Every structure is written in C-alpha cells, then in structure tokens.
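Any read-out appearing in this document is the output of simple, stated calculations on the displayed coordinates, not a laboratory observation. The structure presented is a predicted model; accordingly, all values stated were derived computationally and were not measured. Here Cβ is always computed from backbone atoms with ideal geometry, including for glycine, and neighbour counts include all displayed protein chains.
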Amino acid sequence: MLNALPAPLLGVFAFTLLLANSLFWVPLLLVFALVKLLLPFKPVRLALDPVLVWIAETWIACNSGWMGLLHRTQWDVQGIEGLDPHNWYLVNSNHQCAADIFVLQHLLNRRIPLLKFFIKQQLIWMPVMGLAWWALDFPFMRRHSEAYLKKHPEMRAKDQEATRRACEKFALIPTSVTNFMEGTRFTPAKHARQQSPYRYLLKPKAGGVALALHALGDKFQAILDVTIVYPDGIPGFWPFLCGRMQRVAVRVRSLPIPPALLAGDYSNDPAFREAFSAWAQQLWKDKDAQIAQLLAGK
C-alpha cells in the first residue's frame, strides 16, 4: 500500500498529486471566469457560476482521493448529517494550520455549497491558487491592526465595503461563507501575546461574521460552528502531506441565527457591537470547553 511508504516519499507524492490536480483544474476555471469577467451580466453569472462550482467541487474531490490513497488518517466526525447542498450557510471554525482547509473541504464538499473563504489580499499573488481563488470570487481582504485602523479609520469602511460587495455576489447561488473568527492561525506565541482568556483559542474577531450576517442574513439557513482538533498535535503543511495527520476529530453544530444578530449596525452602534461580541465570546467559550473535552478523550 502506498500509505506504508516512508513519510518523506509520501510527502513528495502528495505534493505532486496536489500540484497536478491544481494545474489541471485551474486553467479550466480561468476560461469560464474570463468569460464571466468580460460579460458581467446577471444571466451570464447565473449560467456560469454553477459550472465554476462544479469544477471546484471536482477539484476538491480529487484532493480527497489522494488523501485517502496516501494517508491513514483516523476520522472522528460528528454533526455533518442532514446538511443541505442547496442552501446558504455561514461556516465558522477554529484555525490552527493549513490542514484545516483540507479537513473542511474533505468533510463538507457537496454536503453544503462550495466553501468561500475570506482571503488575505497578499495571497492573490500566490502561484496557481491565487488565480483559482479569484476565479471563484473568494473575497480578498486587507487585514489591518487595531493600531493602524485607529490612525486610518477610513480603511475600516473600505474593508467593510469590500466584504459587503463580496457577500452580494454570494446571494445569486447557494454559498457557504466561511470565516475563521480568530483571524489568523493559532500559535502559542500569538496566544501569549494576546493574553487570550481561552486555553486553546485566540480571541474571536466578530466583525467579519457581523458583516456577512448583515449582508446575507435572510439567506443563511444556519451557522455551522465547526471545531477541529488534532489529538496527536497540530500538523504543519509538510507533515500533513507526509501523512502525519494520524487522527483528527471534528464536531459540527448547526446553530440557528439569533434574530437579534440581524437587527443592528455592528460598525456604528456600540451597544449592538458589544452584544454581538458577547455572543461570539460565549460561542468561543463553548468551543474551548469542547476542545478540552476532545483532547481529554484522546
């Protein structure tokens, strides 16, 4: 069996298959994306978006194929039954490493609509993948520190407008808007620097979720709260390719959207912002406890 090969050789095979898979599907994505760019009309989008989604979902399915062929991961998954691939979801997850993306895509592909992630603006220049994310209308966001935003408050409004425009595109066909509320990958150094009150999580940033709910709240069927745990330690990208993600535990909760979260202006209403932040903090407190429980049962 291929998954019995030495780890470095597995990593080379996995990277080769990942690259080949991407190089096959991305040019096809770009052909349809360029047509959509040249003909920016709603009927054209409605005709081409499902084609782009099908290509992306098949690309993800091929990634799942090489993961199953090369890796011996034990999957402990609960909560993905009964999801609807024809509806809108707001997906929120903790974030630890690049493997999180593969885990989410592997488990949720074709169970819910295609996951659309908020991407850092700089990643549009990433070879191959940047073009793919652009073709699929992933929103590219400029991330600024609070110190920078205090000096340049106008940038906050620009970021919000970019989020709003991205979410408007998602209203045409069922979409899963995906957010890592921590805003960055968890590391012990970041955790210490933040003085996070959570044991396994960074502090949640509720602004992205608030803007998505404001723009598409009437579309979302539910919030999918995803918790990812690696009982044997968080794998880096290369260890993941080498098959060292031996076990992964995933819990998915389908949460109703509280009507109160749809009724305010997060940007300009301090009372609403405080209430929204309190909701996010409680969500994070529950997630932190769930992570502790999953790790205790390892």
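The residue 126 and residue 218 beta-carbon pair, evaluated with R₀ = 51 Å, returns a calculated FRET efficiency of approximately 0.90. Each peptide in 225-234, 208-217, 191-200 gets a packing score, the mean of other Cβ atoms within 10 Å over its residues, and the list from highest to lowest is 208-217, 225-234, 191-200.
Would you mind working out the magnitude of the charge dipole of region 155-298 relative to its Cα centre, with +1 at each Lys and Arg C-beta and -1 at each Asp and Glu C-beta, to the nearest 20 Debye? Write down the numbers at each step before the final one.
Values: 20 positive and 12 negative charges, 107 e Å.
That gives a dipole near 520 debye.
Cβ-to-Cβ counts within 10 Å put 126, 181 in ascending order as 126, 181, the fewest first.
The antiparallel fraction among DSSP beta bridges confined to the chain stands at about 25%. Choose one of 217, 83, 202: the residue whose Cα lies farthest towards the positive end of the charge dipole of the chain (beta-carbon charges +1 Lys, Arg; -1 Asp, Glu; about the Cα centre). Checking the options against the dipole of the chain, the answer is 202. Put a plus charge on the Cβ of each Lys and Arg, a minus charge on the Cβ of each Asp and Glu, and nothing anywhere else: the dipole of the chain about its Cα centre is then about 560 debye.
Here the relative contact order of the chain, from alpha carbon pairs under 8 Å that lie six or more residues apart, stands at 25 percent. Each of residue 110 and residue 262 was given a label point 7 Å from its Cα along the Cα-to-Cβ line. The distance between the two points is 3.1 nm. A simple spin-label model places pseudo-atoms 7 Å from Cα toward Cβ; at residue 171 and residue 289 they are separated by 3.7 nm.
First select every other residue whose beta carbon is under 11 angstrom from the beta carbon of residue 290; then total the charges, Lys and Arg +1, Asp and Glu -1. Its environment carries a net charge of +1. Sorted ascending by nearby beta carbons within 10 Å, beginning with the fewest, 175, 16, 163 become 16, 163, 175. Note on region 223-298: with charges restricted to the Cβ of Lys and Arg (+1) and Asp and Glu (-1), its dipole about the Cα centre is near 440 debye.
As a proxy for reagent exposure, ranking 81, 57 by other Cβ atoms within 10 Å from fewest up yields 81, 57. Ordering 122, 266, 166 by the projection of their Cα atoms onto the charge dipole of region 74-296, which places +1 on the Cβ of Lys and Arg and -1 on the Cβ of Asp and Glu, puts 122 at the extreme positive end.
Between residue 61 and residue 41, how high is the FRET efficiency from 1/(1 + (r/R0)^6) when r is the Cβ-Cβ distance and R₀ = 51 Å? Nearest 0.05. The value I calculate is 0.95.
If R₀ is 30 angstrom, what is the calculated FRET efficiency for the pair residue 247 and residue 69, using the beta carbon separation as r and rounding to 0.05? If you can, show how the numbers build up before the last one.
On the way: r = 18 Å, r/R0 = 0.61.
Given R0 = 30 Å and the Cβ-Cβ separation, E is 0.95.
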